[in-house]
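Step one of this worksheet: look at the structure below.
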Amino acid sequence: MKKYSPTTPSRRHMTNVTYRGVITHTEPHKPLTTGGKRDMGRNNLGRITVRHKGGGNKKLYRDIDFAFEKKNIPAKVVSVEYDPFRTSFISLVVYKDGEKRYMLTPKSVRPGAEFIISAEATLSTPNRLPLSKIPVGTFVYNVELKPEGGAKLVRSAGNFAQVVANDNGYTLVKLPSSEVRKVSEKCWATIGEVSNDEHHLVNVGKAGRSRHKGIRPTVRGTAMNAVDHPYGGGEGRQGRGTKRPKTLWGKVTGGRKTRGPKKYSNHLIISRRVVGKKKK
């Protein structure tokens with residue numbers, strides 16, 4: 001982690017990920033980038049649908065390959081780059097047929113590393129294989145939920161899932177949330193862990209840095225008026241005043257399970273995630 005000299009009060013505890021020695025290119029590969037207007041939490045009528053979003057620095061979107069349909073073609077990592085839309089680093093890779101694509105950078109992979117997407121690939125990072133070919137105990141990321149559906153699970157910085165068992169056409173995968181879930185053994189996953197595992201240690205340090213990220217201030221409900229929030233109003237500091245914690249719209253939060261009892265994938269959940277201090 002990179003720490004700063006306490007030249008101001010906000011600098012005293014500010015930290016950031018060390019990019020030196022990790023990032024090899026500062027400019028993205030232009031054909032794989034797209035611009036466009038950002039919604040910033042507004043819908044097509046301009047009304048706020050997601051609070052606390054707006055402003056921020058202009059960002060260029062990098063088109064990341066999550067489909068991985070180029071199978072049995074060797075590829076080589078050319079560079080490791082920063083992506084403003086992701087917590088992990090990304091890598092520009094070149095396939096043997098000359099095509100270039102971006103992918104999530106796995107931990108400890110540097111430019112020059114070679115890999116392949118193949119059912120016969122070796123168990124080395126960042127090769128990609130079907131879950132049926134991956135032995136129990138292996139760490140994986142970029143996990144598919146449906147065969148040929150593209151990577152959907154385990155894509156954030158420092159995350160990895162673990163193959164727990166193979167049973168009756170399904171592979172049991174332990175996700176970073178501690179949930180154990182069945183996934184079809186025909187789904188594909190990438191060997192290894194996602195890069196930038198120090199991301200969760202970053203201390204933003206000051207309000208202005210959050211604004212640069214496009215995050216607007218969050219006001220406590222208890223600091224509002226009674227008309228604006230269930231916790232609002234009262235003289236001086238007040239308690240919550242309600243039996244259960246609620247959102248601004250009165251929806252119960254803080255302990256209520258939100259997963260629908262008729263959700264199509266409920267039968268695939270072997271054990272629910274553990275929350276709070278008991279999580280391991």
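Looking for something at positive phi and in contact (Cβ under 8 Å) with a residue 40 or more places away in the chain - is there at least one such residue anywhere in the stretch 73-90? It would help to see each step written out before you state the result.
Step one: of the stretch 73-90, the residues at positive phi are none.
There is no residue in the stretch 73-90 that is at positive phi and in contact (Cβ under 8 Å) with a residue 40 or more places away in the chain.
Any residue at all in the stretch 5-17 that is at pLDDT below 95, charged (D, E, K, R) and in contact with a strand residue (DSSP E or B) (Cβ under 7 Å, 6 or more places away or on another chain)?
No; the residues of the stretch 5-17 include none that is at pLDDT below 95, charged (D, E, K, R) and in contact with a strand residue (DSSP E or B) (Cβ under 7 Å, 6 or more places away or on another chain).
Starting from the stretch 264-277, take each residue that is over 13 Å from residue 183 (Cα atoms) and in contact (Cβ under 8 Å) with a residue 24 or more places away in the chain and list its partners that are surrounded by 11 or more Cβ atoms within 10 Å (Cβ to Cβ) and of a type in the set (D, E, K, R), counting only C-beta distances under 7 angstrom and pairs at least six apart or across chains.
Sorted first by the residue in the stretch 264-277, then by its partner, the pairs are 271/179; 272/179; 273/179.
Take the residues in the stretch 260-275 that are surrounded by 10 or more Cβ atoms within 10 Å (Cβ to Cβ) and part of a loop (DSSP other than H, G, I, E, B), then tell me which one is modelled with the lowest pLDDT. Please lay out each step first, then the result.
Step one: filter the stretch 260-275 for residues surrounded by 10 or more Cβ atoms within 10 Å (Cβ to Cβ), giving 263, 265-266, 268-275.
Keeping just the survivors that are part of a loop (DSSP other than H, G, I, E, B) gives 263, 265, 272-275.
On the way: 263: 94, 265: 94, 272: 92, 273: 90, 274: 86, 275: 79.
The qualifying residue modelled with the lowest pLDDT is 275.
Which condition number does residue 98 fail, the rest of (1) at negative phi; (2) free of Cβ contacts under 8 Å to residues at least 24 places away in the same chain being met?
Of (1) at negative phi; (2) free of Cβ contacts under 8 Å to residues at least 24 places away in the same chain, only one is false for residue 98: (1).
Could you check, for the stretch 184-200, whether at least one of its residues is at positive phi, in contact with a helix residue (DSSP H, G or I) (Cβ under 9 Å, 6 or more places away or on another chain) and of a type outside the set (Asp, Glu)?
Of the residues in the stretch 184-200, the ones at positive phi are 192, 196.
Keeping just the survivors that are in contact with a helix residue (DSSP H, G or I) (Cβ under 9 Å, 6 or more places away or on another chain) gives none.
No: zero hits.
Run residue 47 past the list (1) surrounded by fewer than 11 Cβ atoms within 10 Å (Cβ to Cβ); (2) of a type in the set (D, E, K, R); (3) touching a helix residue (DSSP H, G or I) at 6+ places or on another chain (Cβ under 8 Å) and report the number of the one that doesn't hold.
(3)
Would it be correct to say that residue 247 is at pLDDT below 95 and over 20 Å from the mean Cα position of the chain (by Cα)?
Details: at pLDDT below 95: yes; over 20 Å from the mean Cα position of the chain (by Cα): yes.
Considered against the rule, which asks whether it is at pLDDT below 95 and over 20 Å from the mean Cα position of the chain (by Cα), residue 247 comes out as yes.
Using beta carbons and a limit of 7 Å, which pairs, at least six apart or on different chains, have the first residue in the stretch 9-38 and closer than 15 Å to residue 84 by Cβ and touching a residue at least 24 places away in the same chain (Cβ under 8 Å) and the second one of a type in the set (Asp, Glu) and assigned to a strand (DSSP E or B)?
23/81; 25/81; 28/81
Which of the residues belonging to the stretch 161-178 are farther than 15 Å from residue 145 by Cβ, touching a residue at least 24 places away in the same chain (Cβ under 8 Å) and part of a loop (DSSP other than H, G, I, E, B)?
Within the stretch 161-178, 178 is the sole residue that qualifies.
Just one of (1) surrounded by fewer than 15 Cβ atoms within 10 Å (Cβ to Cβ); (2) within 18 Å of the chain's Cα centre (by Cα); (3) over 23 Å from residue 201 (Cβ atoms) trips up residue 100, so point out which.
(2)
Is it the case that the stretch 40-62 has a residue that's closer than 30 Å to residue 112 by Cβ, out of contact with any Lys or Arg (no Cβ under 6 Å at 6 or more places or on another chain), aromatic (Phe, Trp, Tyr) and assigned to a loop (DSSP other than H, G, I, E, B)? Steps first, please.
Here is the first cut: in the stretch 40-62, the residues closer than 30 Å to residue 112 by Cβ are 59-62.
Now narrow it down to the ones that are out of contact with any Lys or Arg (no Cβ under 6 Å at 6 or more places or on another chain): 59-62.
Right, trim to aromatic (Phe, Trp, Tyr) and you get 61.
Going one step further and asking which of them are assigned to a loop (DSSP other than H, G, I, E, B), we end up with none.
Looking through the stretch 40-62, none of the residues is closer than 30 Å to residue 112 by Cβ, out of contact with any Lys or Arg (no Cβ under 6 Å at 6 or more places or on another chain), aromatic (Phe, Trp, Tyr) and assigned to a loop (DSSP other than H, G, I, E, B).
So which residues in the stretch 28-39 are part of a loop (DSSP other than H, G, I, E, B) and modelled with pLDDT of 95 or more, if there are any at all? It would help to see each step written out before you state the result.
Of all residues in the stretch 28-39, those part of a loop (DSSP other than H, G, I, E, B) come to 28-29, 35-39.
Those that are part of a loop (DSSP other than H, G, I, E, B) and modelled with pLDDT of 95 or more: 28, 29.
The values are calculated or read from the model by the stated rules, or taken from the named source; none is laboratory data. The structure displayed is predicted, hence computed values, not measured ones. We place every Cβ from the backbone using ideal geometry, glycine too, and count neighbours over all the protein chains shown.
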